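Report on the following structure.
Coordinate-derived values only; no laboratory data. Being a predicted model, the structure only gives us computed values, none of them experimental. Neighbour counts run over all protein chains shown; Cβ positions are idealised from the backbone, glycine included.
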Amino acid sequence: MLTDEERRRGAADLTRAETERVAIPQLSRTFPHIEIADAYAIQRLWAEGRMAKGARQIGHKIGLTSRAMQMASKMTEPDYGHLLDDMLYNDGAQIRADRFLAPRLEVELAFVMGEKLKGSGTRIYDVMRATEFVVPALEIIDYRTEVPRAITDTIADNAASGGMVVGGRTIRPMDVDIRWVGATLSKNGIIEESGVSAAIMGHPAAGIAWLVNKLADQDIGLERGQIVLAGSFTRPVSVAAGDVIHADYGPLGAIGVSFV
């Protein structure tokens, strides 16, 4: 377990990496005794530092929602991070690639909460009942630490979240069977990835139910209007300046962005 001072140092190092666009040594190497609880505490300190400078929390992201990714990270459950207002981009945006260190894109669904959701014992149907809208989304993954990374490095690094893009058709959660939302991700006119949302723990709302139960340990929950990225159902695709991206969700529309 880390001391409070070590946790603050870890958060400051990640903030410096983000500001200077230079990866730092893995926190698991700098602090060999770091634990999962330390990693989440560092993430929270990083977010609080960003919010102290004017950013506003707008929700959460969930990662490691596939069994394959959990096994690769030696985890038995997902992880989560913070979403801040300056991380949000709209469909059609021109995104500066040099804002990130090594950006990659993942295809996801975003849930917009219509009601507050809090407490242990939360299930998928509670999430569906509390959700006002579901909308197509892309997550911009960006790591601020060197490789190889331990799971504590990823969690401390805001679960590797750098930003998100929303677009396409906004639907109510019962409008379609959201387990079977399919999408393709194209880069410069070539389809690089495809997938179906059932790959997210069998149901996209399952990860959100997990998150609410996890946050209950801290006596917090999801607030009305918050956005939750439910997890990727494709592998990440690297992007760089000059790339044009098109994510096609079929009946749910599409997202198009470019990196400059």
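Whole-Hz Karplus ³J(HN,Hα) for region 189-195, in order, using 6.51 cos²θ - 1.76 cosθ + 1.60 and θ = phi - 60°, x for Gly and Pro?
x, 10, 5, 9, 8, 8, x
Under a plain spin-label model, where a point goes 7 Å from the Cα along Cα-to-Cβ, how far apart in nm are GLU115 and ARG56?
2.5
Can you list residues whose amide H is under 5 Å from GLY114's amide H, if they're 5+ apart or on another chain and H is modeled 1.01 Å from N?
THR131, GLU132, PHE133, GLY225
Collect residues whose amide H, placed 1.01 Å from N in the peptide plane, falls under 5 Å from the amide H of ILE24; neighbours closer than 5 in sequence don't count.
Under 5 Å from the amide H of ILE24 lie the amide H atoms of THR145, GLU146, each far enough along the sequence or on another chain.
In whole Hz, what ³J(HN,Hα) sequence does region 243-254 give by Karplus (6.51, -1.76, 1.60; θ = phi - 60°), x for Gly and Pro?
7, 10, 10, 9, 10, 9, 9, x, x, 8, x, 8
Using Cα pairs under 8 angstrom and six or more residues apart, how large is the relative contact order of region 57-259, in percent?
Details: 509 pairs, mean separation 67.5, N = 203.
Reported relative contact order: 33 percent.
Give the peptides 78-90, 44-56 in descending order of average Cβ contacts within 10 Å, highest first. Before the final figure, lay out the partial values.
Values: 78-90: 19.8, 44-56: 14.7.
Descending mean neighbour count gives 78-90, 44-56.
For region 214-260 and region 25-96, what is the centre-to-centre distance using only Cα atoms, to the nearest Å?
Their Cα centres are 14 Å away from one another.
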